[in-house]
Amino acid sequence: MIAFRPVPGTSGGRPRPLLEVYVDPGRLVPLTCLVDTGAAGIRLSAELARAIGVPLPGAPTAPDVIVGGTRSQVFEVRRRLSVMVDGRPLAWDALVSFCDPWPHPFGLLGQTGFFDAFDVLIQGRERRFELTARLNAR
């Protein structure tokens, strides 16, 4: 089980289901992401993409999205992602929407790309959740 934590960049508030995600495993810096059943897909910052060398110019675009009141341009790039669960890495390939601008200090793990790679049991009262990898996450 993974304990809920406060969202980074906020002052307190209710703890949420968060995971540290590595884009292109082997990169040294993880990104905190909110496990979000309402998000359509995986949404990360285009600034992160540029910082780790993911080429966005020429990448396929998708319709703009509005998250938290901010309209963002979307670049869709297939990437290898990984998370640590019970001390072991789980990696999978997913289509990632890199969004510009992205004013949030966290990414979103949504239905397409995350919930189709993992079964997620959320225990809200206990403020914890559990991940079980499906066949395409190893």
Open item on the list: How charged is the neighbourhood of Ala3? Take every other residue with its Cβ under 14 Å from the Cβ of Ala3, and add Lys/Arg as +1 and Asp/Glu as -1.
Closed with: +2
Task: Extended-chain gain in nm, criterion 0.36 nm per residue less alpha-carbon gap, Thr10 and Glu126 - done: 39.6 nm
Task: Charge dipole (the chain, unit charges on Cβ, about Cα centre) - positive-most of Ile42, Gln123, Ser72 - done: Gln123
TODO: Apply the Karplus parameterisation 6.51 cos²θ - 1.76 cosθ + 1.60, with θ equal to phi minus 60°, to every residue of the range 113-125 and state each ³J(HN,Hα) to the nearest whole Hz, in sequence, with x for glycine and proline.
DONE: x, 10, 5, 8, 9, 9, 8, 10, 10, 9, 10, x, 4
Open item on the list: In whole Hz and in residue order, list the ³J(HN,Hα) couplings for the range 34-47 that follow from phi through the Karplus curve 6.51 cos²θ - 1.76 cosθ + 1.60, θ = phi - 60°; x for Gly and Pro.
Closed with: 8, 6, 10, 5, x, 7, 5, x, 8, 10, 10, 6, 5, 4
Task: FRET efficiency estimate (nearest 0.05) - Cβ-Cβ, Thr112 to Asp64, R0 22 angstrom - done: 0.85
Task: Extension reserve of the Asp93-Arg50 stretch, reckoned as 0.36 nm per residue once the Cα distance is removed - done: 13.6 nm
Open item on the list: Explain nothing, just the number: relative contact order of the range 1-84, from Cα pairs under 8 Å at least 6 residues apart, as a whole percent.
Closed with: 26
Open item on the list: What do you get for GluC sites (Glu not before Pro) in the range 41-138 restricted to DSSP loop and a cutoff of at most 12 other Cβ within 10 Å of the site's Cβ?
Closed with: Glu126
Task: Net dipole in debye of the chain [+1 Lys, Arg Cβ; -1 Asp, Glu Cβ; about Cα centre; nearest 20] - done: 260
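Any read-out appearing in this document is the output of simple, stated calculations on the displayed coordinates, not a laboratory observation. It should be emphasised that the depicted structure is a prediction, and the values quoted were computed from it without experimental measurement. Every residue, glycine as well, gets a Cβ built from its backbone with ideal geometry; the counts of neighbours run over all protein chains shown.
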